[in-house]
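Data first, discussion second: the structure below is written as structure tokens.
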Amino acid sequence: MLLLVTGVGLNLLQLAEPVSRIPPVAQRVGTFESPVHLPVWLNLALGVMAVLASMERALRLRYSSLLDMAGH
């Protein structure tokens, strides 16, 4: 869970910077400078790990005995 939140949070912070520089967005909400600047390889690794963590979480919740009992 921590890996999922960390990966998504850091990638969203870095994604907000270029999106905020689009002229209509910059005029409406201003620009944002990310306090975090990670290398490309680390961004990709965090993104892949976040996807894997979310898939693992979804699969585990799908086959939870607690959820299976509630369905019957």
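The values are calculated or read from the model by the stated rules, or taken from the named source; none is laboratory data. The model shown is predicted, which means the values in this text are computed figures rather than measured ones. Note that each Cβ is placed from the backbone with ideal geometry, even for glycine, and that neighbours are counted across all protein chains shown. For accessibility, only protein heavy atoms count, side chains too; no ligands or nucleic acids. Shrake-Rupley method; radii C 1.70, N 1.55, O 1.52, S 1.80 Å.
Taken over region 14-47, the residue count meeting the criterion of being more than 25 Å from Leu2 (Cβ to Cβ), of a type in the set (A, V, I, L, M, F, W, C) and under 20 Å from the mean Cα position of the chain (by Cα) is 1.
Quick check, is Leu10 modelled with pLDDT under 85 and assigned to a helix (DSSP H, G or I)? In short, yes.
Cβ-Cβ contacts under 8 Å between residues 6 or more apart (or on different chains), taken from a first residue in region 16-28 that is over 17 Å from Asn43 (Cα atoms) and without any contact (Cβ under 8 Å) to a residue 24 or more places away in the chain to a second residue that is polar (S, T, N, Q) and open to solvent by less than 70 Å² (accessible area, probe 1.4 Å), are listed as Ala26/Ser20.
When you check Met55 against the structure, is it assigned to a helix (DSSP H, G or I) and without any contact (Cβ under 8 Å) to a residue 12 or more places away in the chain, yes or no? Judged against the criteria, Met55 is a match.
The set of residues in region 1-22 being in contact with a Lys or Arg (Cβ under 9 Å, 6 or more places away or on another chain) and surrounded by 15 or more Cβ atoms within 10 Å (Cβ to Cβ) consists of Leu4 alone. If you go through region 28-52 and pick out every residue that is assigned to a loop (DSSP other than H, G, I, E, B) and either surrounded by 11 or more Cβ atoms within 10 Å (Cβ to Cβ) or in contact with a strand residue (DSSP E or B) (Cβ under 6 Å, 6 or more places away or on another chain) (or both), you end up with 5.
Screening Val25 against (1) open to solvent by less than 90 Å² (accessible area, probe 1.4 Å); (2) at pLDDT 85 or above; (3) within 18 Å of Gly9 (Cβ to Cβ); (4) assigned to a helix (DSSP H, G or I) leaves a single unmet condition, (3).
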